[in-house]
Each structure stands twice: as structure tokens, then as C-alpha cells.
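Notes for the one structure printed next.
The values are calculated or read from the model by the stated rules, or taken from the named source; none is laboratory data. The structure displayed is predicted, hence computed values, not measured ones. Heads up, the Cβs are rebuilt from the backbone with ideal geometry, glycines too, and the neighbour counts pull from every protein chain shown. Note: areas computed on protein heavy atoms with side chains; ligands, DNA, RNA excluded. Shrake-Rupley method; radii C 1.70, N 1.55, O 1.52, S 1.80 Å.
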Amino acid sequence: MKIKVWVNGKLVQDDIAPDMTLFNYLRDKGYKSVKCGCDTSNCGLCTVWVEEKAVLSCSVLAMRVDGKHVTTLEGLQDEAEAFGMMLASEGAEQCGYCSPGLIMNVLRMKRELKNPTDEEIKAYLSGNLCRCTGYMGQLRAIKKYMSQNGEA
Amino acid sequence: MFTMTNYVTVGSLEEAYALLGKNKSNKILGGTLWMRMGSQTIHTGIDLSQLGLDQIVENEEAIEIGAMCSLRMIETHPLMNEYFSGIVAESVKDIVGVQFRNCATIGGSIYSRFGFSDILTALLALDTYVELYHGGILSLEDFIKTSYEKDILVKIIIKKEQIKGTYQTERLSHTDFPVLAVAVTKGQKGYKISVGARPSKAALAYEAMHYLNTRDELGEEMIESAVHKVIEELNFGSNMRASETYRKHLAKVLIKRSLKTLSY
């Protein structure tokens with residue numbers, strides 16, 4: 001079926017299967033930051049933005065984003081790098097597999113929450129799982145990042 | 001993951017309903033989160049997302065929630081936090097994460113009458129109705145008791161009332177399904193006690209409600225008696241998350257806590 005979608009600002013038109021997920025669509029287009037960790041809509045690793053809302057690309061049909069704007073980590077490289085450096089300097093990461101999904105949700109949170117408490121941060125990010133760490137390093141980095149002024 | 005041969009974004013409810021009746025395996029698509037966990041074969045998936053059903057509106061008598069509203073919208077919408085003691089907004093907060101709740105729709109949640117449904121439990125403790133395209137308006141309670149007849153859930157209607165309410169759950173881990181869900185409200189017509197994830201779908205505890213609503217004041221002993229009645233009248237069961245005994249124990253604690261909060 002015909003689909004027209006803006007991925008990271010670039011207009012793309014394709015002919016796809018009606019049951020293709022947005023996750024598979026993006027992977028096929030070469031956006032390899034988008035990964036599937038759990039296949040049960042629980043881990044947050046496949047997070048992308050559709051019209052400025054964070055969604056689980058594994059659970060959204062690609063046809064649903066027809067005519068819409070999709071943003072992946074590849075489209076937010078400067079911000080992702082800035083926050084990624086903070087994660088690294090706090091020693092937050094071990095294998096790093098879950099980072100793209102976490103980063104996509106943190107960048108979204110930065111736009112939606114102003115001066116959040118620790119509890120609000122945890123509530124916002126509770127759908128992003130990491131299986132190596134205890135989240136403490138991430139939380140330190142996130143708090144630093146959230147306290148930076150201005151639009152991320 | 002399900003398989004699907006065709007995808008149609010409909011321009012009207014009439015078109016959607018006609019399409020739904022055309023083939024046994026034509027389905028209305030909500031957020032597709034639960035659907036993707038199964039492996040059914042769908043002929044035509046019907047997308048309602050262009051029908052403006054993603055609005056929460058207030059009128060004289062009620063708050064109306066379009067079927068395509070996401071759970072995240074319900075969580076953050078000012079009306080949902082202003083009315084009903086905020087319990088509807090509260091009930092969705094622990095469902096997986098923000099990204100999940102941006103995808104999941106209230107229509108999908110309610111139409112499916114999930115046993116584990118947080119929001120069904122909360123809505124049942126309010127004066128809630130569903131509007132079906134073919135079946136018209138009926139109470140949420142009647143809707144969840146009826147057998148599955150193919151129809152389209154258009155909106156959820158919650159009648160405005162001055163209430164105090166609480167929503168409480170027990171979960172094995174923070175973002176998991178609830179092991180037990182309890183919503184209790186106190187309005188002009190008295191108390192309502194809704195218990196879900198028993199693990200069967202939410203139900204009202206009528207005997208306990210009648211008992212409470214025919215008392216003038218609520219003392220410790222009466223709360224104990226009411227809690228006992230809930231355990232007696234509703235069925236509790238076991239599954240991989242919890243045993244019947246554990247659920248009954250949780251129900252006692254959560255209902256008691258709720259009644260104590262509301263009786264002050």
C-alpha cells in the first residue's frame with residue numbers, strides 16, 4: 001500500500017505491506033538506531049517520535065504514520081551526542097544497547113517537563129528498561145541534562 | 001504479531017461499520033498494542049484515526065472521551081485531572097510507560113473488556129456510559145456484561161458528579177499489569193466499589209455498597225463488615241501473577257484503605 005511520510009524531515013514515499021510495523025519500516029530504510037528489545041511493547045528501545053510524541057515503533061503500524069512526521073535518533077544527532085556524552089561521563093552505560101530508546105525519551109521529556117522532580121523523571125522514563133545497570137548513572141546524567149537551560 | 005491483508009483509513013463511522021460487517025475477520029484498529037501480542041489473521045484493518053475521535057470534551061452533564069484518545073491524553077488532560085477526583089487520570093499512570101500510553105487508545109482498552117484493565121476498574125466506579133455506533137448508548141456495566149457483538153465504540157461518556165474517589169492497585173513490578181485493582185468513590189448516591197484484575201474483569205460489589213449506603217456513619221467495624229462482603233460476593237481467582245488467597249488479602253487491605261480515606 002502507498003505511504004508518504006517525512007522521516008527526519010525528509011519526504012519518503014513507498015509501497016508497503018499493510019501489516020508492516022513502523023519499526024520494520026524504519027529499519028528497512030536504514031535507520032538502525034531503532035531496535036527491538038522485547039517484542040512485547042514493554043522495553044522502550046524502539047522509541048521514535050510521531051508528530052512530536054514518543055511512541056513504540058514496534059507497536060505502531062507503518063500505515064498509521066501516513067502523512068505524518070517521524071523522528072528517529074538519526075534526526076537528532078547533536079542533541080543525542082550532547083546527552084550521550086553526559087551518560088558516558090557518568091559511567092551510566094555498560095552494553096549501551098538500550099541507549100537509543102532512552103535518549104529518544106529523555107529528549108522528549110526535556111521538551112515536555114520543566115524542572116521535574118526525581119519522581120517525575122522516573123515516572124516519565126519508567127517504560128525504558130536497562131538490564132545491565134541500576135539506573136543510578138543514567139539518573140545523574142539525566143538530572144544534569146534536564147537542569148541545562150534553554151531548548152535542548 | 002497479527003497478519004493483515006488490507007488497511008483502510010475510513011472517512012466516516014458509517015463506512016467503518018459497513019466495512020466491519022463485510023468480513024468476519026475485519027477488525028477495528030485501536031492502538032494495536034494488545035492485538036500485536038496475538039497472531040490472528042485480519043482481513044481488513046479499519047483505522048478510525050481520521051474521524052476526530054481523539055478529543056476530550058465537556059458539556060453540561062458529562063465529560064466525553066473519544067474512542068481514539070490515547071491513555072496519555074487521559075492522564076494529562078486538565079478535565080481528567082479536574083473531575084472525578086482525578087481517579088481516571090490516576091488509573092492509567094502505571095501502565096508501562098509514556099510511549100506505550102501515547103499509543104494505547106481508550107477505545108481499544110474498553111472495547112476489549114480486559115480483566116487486567118486499570119481504566120475499566122476506575123470508570124466502573126463512576127457513572128459511565130459507552131456510545132456504540134450501532135448499539136447506541138448503554139451503561140458501561142451493561143456493556144461489559146454483554147457478549148461481544150461486532151460494533152464500533154465511538155466514545156465514553158462520564159456523567160459529572162461531585163465525588164471523592166481513590167484508585168489503588170498492587171503490582172508485582174511498577175509497570176506490570178495489576179495483580180488487583182480497586183476504585184472506590186463516594187458521591188451523592190453513596191459509595192461505589194469496583195474491583196478489577198481479580199483476575200477477571202472489573203465488577204461492582206453491590207452488597208457491600210448497599211450495606212455502606214444504608215449506614216449513617218462509617219466506623220471501623222462497618223468498614224470491616226463491608227470489606228468482608230466484597231470478598232464474599234465477588235469471585236477471586238488464581239493465575240500466574242497471584243493466587244486467589246493473595247488477591248483476597250490484597251482486596252481487604254486496598255478497600256479498607258480506600259474507605260478510610262473517603263470516610264473522613
Exercise. Looking only at residues in region A:126-152 that are surrounded by 15 or more Cβ atoms within 10 Å (Cβ to Cβ) and without any contact (Cβ under 8 Å) to a residue 24 or more places away in the chain, which one is farthest from the other protein chains (Cβ to nearest Cβ)?
Worked result: A:LEU139
Seminar exercise, completed: Flagged pairs (Cβ under 7 angstrom, 6 or more apart or on separate chains; first in region A:31-44, in contact (Cβ under 8 Å) with a residue 60 or more places away in the chain and over 19 Å from B:PHE2 (Cα atoms); second of a type in the set (A, V, I, L, M) and surrounded by fewer than 22 Cβ atoms within 10 Å (Cβ to Cβ)) are A:CYS43/A:LEU129; A:GLY44/A:LEU129
Problem set entry | region A:3-16, residues that are crowded, with 16+ Cβ neighbours inside 10 Å and assigned to a loop (DSSP other than H, G, I, E, B) | A:ASN8, A:ILE16
For this session: Would you check which residues across region A:51-68 are β-branched (Val, Ile, Thr) and either open to solvent by 10 Å² or more (accessible area, probe 1.4 Å) or at the interface with chain B (Cβ under 8 Å from one of its Cβ atoms) (or both) and list them?
Result: A:VAL55, A:VAL60
Problem set entry | Pick from region A:75-125, criterion part of a loop (DSSP other than H, G, I, E, B), under 15 Å from the mean Cα position of the chain (by Cα) and surrounded by 20 or more Cβ atoms within 10 Å (Cβ to Cβ), ranking: farthest from the other protein chains (Cβ to nearest Cβ) | A:CYS98
Problem set entry | Matching entry among A:GLY9, A:GLY30 (being touching an Asp or Glu at 6+ places or on another chain (Cβ under 9 Å) and either over 23 Å from B:LEU71 (Cα atoms) or at pLDDT below 95 (or both)) | A:GLY30
Exercise. Within region A:25-39, can you find the residues that are part of a helix (DSSP H, G or I) and open to solvent by less than 40 Å² (accessible area, probe 1.4 Å)?
Worked result: A:TYR25, A:LEU26
For this session: Can you give me the number of residues within region B:232-248 that are assigned to a loop (DSSP other than H, G, I, E, B) and crowded, with 17+ Cβ neighbours inside 10 Å?
Result: 4
Exercise. If you check every pair at least six apart or on different chains, which have Cβ atoms under 9 Å apart with a residue in region A:64-87 that is at positive phi and touching a residue at least 12 places away in the same chain (Cβ under 8 Å) first and a residue that is open to solvent by 40 Å² or more (accessible area, probe 1.4 Å) and of a type in the set (Phe, Trp, Tyr) second?
Worked result: A:GLY67/A:TRP6
Exercise. Conditions: (1) loosely packed, with under 14 Cβ neighbours inside 10 Å; (2) within 21 Å of the chain's Cα centre (by Cα). B:PRO199 meets all but one. Number of the miss?
Worked result: (1)
Problem set entry | Extreme residue, farthest from the other protein chains (Cβ to nearest Cβ), among residues of region B:1-58 that are open to solvent by less than 30 Å² (accessible area, probe 1.4 Å) and hydroxyl-bearing (Ser, Thr, Tyr) | B:THR44
Exercise. Among the residues of region B:69-81, which ones are open to solvent by 30 Å² or more (accessible area, probe 1.4 Å) and aliphatic (A, V, I, L, M)?
Worked result: B:MET73
